[in-house]
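Comments concern the structure below.
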Amino acid sequence: MPPAAPRSGEAIFASVERVNAELFTLTYGAIVRQLLTDLEEVDEVNKQLDQMGYNIGIRLIDEFLAKSNVSRCVDFKETAEMIAKVGFKMFLGVTASVMNWDADGTCCSILLEDNPLVDFVELPDTCQGLYYCNILSGVIRGALEMVAMKTEVTWIRDMLRGDDAYELQVKLLKQVPEEYPYKDDE
Amino acid sequence: MQFFGGSEISPSPPVPTATGNNAHMMYIFNRNGVCLLYREWNRPLHTLNPQQDHKLMFGLLFSLKSLTAKMDPTNAEKGNLGIPQLPGQGCSFHSFRTNTYKLSFMETPSGIKFILITNPRTGDLRETLKYIYNLYVEYVAKNALYTPGTLIKCELFNTALDQYVRSIA
């Protein structure tokens with residue numbers, strides 16, 4: 001039996017169980033509020049959001065692979081397209097696009113058209129250094145690490161900070177091939 | 001089959017056509033060689049202690065993957081034998097059969113390896129292994145009490161797996 005074809009993001013999004021968008025937004029907002037209260041330092045909160053995203057990403061990748069039926073991407077360009085077209089659509093229901101490739105093909109930007117995490121959100125003056133959606137950068141970093149790619153994901157443009165769009169930069173640092181894990185003398 | 005979340009599992013499971021336990025054993029490994037799960041339903045002969053058995057199985061599959069990629073007549077670019085490959089790269093072998101058993105294998109791009117050993121008359125189990133991967137996602141990956149990279153101790157997963165495996169032809 002030939003393997004099944006990969007499914008599109010929309011098809012999967014339609015078939016999975018979804019949660020109310022407002023509930024999702026408000027829950028995330030509550031988490032960030034609580035982190036700010038507990039940690040007080042904006043940089044600490046950014047780091048903690050990234051770490052939380054990383055922990056989500058390492059599990060999310062299996063769900064992504066199982067539901068979307070994709071096989072290994074040939075190169076980083078395909079990977080970025082997969083994240084933007086299938087991944088974001090499947091999990092958040094938003095379409096994202098990939099642009100600004102550099103000459104090597106190792107660095108690109110993912111532009112989010114809309115971002116369900118930031119509905120109703122305004123940053124007060126006390127939190128000016130906060131990357132409110134930093135959990136997303138952690139998720140992408142964690143997920144890619146489980147498929148053997150070490151990446152660095154940062155926010156270039158953030159509408160909560162006054163820019164006109166949400167833009168994430170994903171930079172491939174290196175690919176880590178599989179090594180035989182047991183030492184020969186054991 | 002109803003799951004806690006109620007979400008639809010795709011692909012849908014193959015229709016059960018036989019009764020009784022057709023599978024012998026199942027292994028799940030992660031990319032670091034840690035044996036996440038070992039289930040045994042019908043294994044009359046034990047030759048090695050569990051540690052050695054897992055290492056042997058993992059080593060066998062690691063070498064087989066490397067060998068099959070190297071011997072691939074259609075792929076122009078071939079690595080040298082022994083050079084580590086990215087998980088999922090190269091051609092992937094999916095089963096081998098002897099006169100007493102059939103071993104079916106599936107590796108995900110995230111490095112999770114599913115190995116199912118059944119009687120030799122079993123057909124192509126790729127869809128079955130995909131369904132088991134979906135079970136893994138639902139019961140293990142989404143389980144907040146499970147630490148990734150450690151032994152799987154989820155009763156629900158074990159039960160669902162046993163129930164599903166019993167239905168394999």
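Taking only the Cα atoms of the protein assembly as shown, the radius of gyration and Dmax are 21.9, 73 Å.
At the residue level, residue A:19 shows approximately 100 square angstrom of accessible surface with a 1.4 angstrom probe and all protein chains present.
Solvent-accessible surface (1.4 Å probe) assigned to residue A:132 amounts to roughly 10 Å².
What's the FRET efficiency of residue A:113 with residue A:150 using the Cβ-Cβ distance as r and R₀ = 35 Å, to the nearest 0.05? Plugging the Cβ-Cβ distance into 1/(1 + (r/R0)^6) gives 0.80. The candidates B:63, A:15, arranged from most to least accessible area with a 1.4 Å probe in the full protein assembly, appear as B:63, A:15. For Cα pairs less than 8 Å apart in space and 6+ apart in sequence, what is the mean separation divided by the residue count of the stretch A:19-175, i.e. the relative contact order in percent? Relative CO of the stretch A:19-175 lands at 28 percent. Here the spin labels are modelled as points 7 Å beyond Cα on the Cα-Cβ line, and at residue B:68 and residue A:75 they lie 2.7 nm apart. Measuring nothing but protein heavy atoms, the accessible surface of the protein assembly as shown at 1.4 Å probe radius is 54 percent carbon and sulfur.
Legend: mean number of C-beta atoms from other chains within 10 angstrom of residue C-beta atoms, peptide B:103-110, equals 4.
Solvent-accessible surface (1.4 Å probe) assigned to residue A:104 amounts to roughly 120 Å². Over chain A, dividing the summed -39,500 (n - 2.57) contributions of all DSSP H runs of at least 4 residues by the number of residues returns a 222 nm mean residue ellipticity of -13500 deg cm²/dmol. Calculated over the stretch A:61-102, the projected area of the Cα convex hull averaged across directions stands at 3.1 nm². Accessible surface calculations at 1.4 Å, restricted to protein heavy atoms, place the stretch A:19-175 at 48 Å² per residue.
The convex hull of the Cα atoms of the stretch A:19-175, projected and averaged over all directions, covers 9.0 nm². Within chain A, the whole DSSP H helices whose Cα atoms reach 20 Å or more along their own axis and whose mean Kyte-Doolittle score is at least -0.5 are A:21-39, A:42-68. Shielding of peptide B:137-148 by partners, expressed as the average count of other chain Cβ atoms within 10 Å per residue Cβ, is 3.
The values are calculated or read from the model by the stated rules, or taken from the named source; none is laboratory data. Quick caveat, the model's predicted, so the values are computed rather than measured. Counting neighbours? That spans all protein chains shown, and the Cβs are built from the backbone with ideal geometry, glycine included. Note: areas computed on protein heavy atoms with side chains; ligands, DNA, RNA excluded. Shrake-Rupley method; radii C 1.70, N 1.55, O 1.52, S 1.80 Å.
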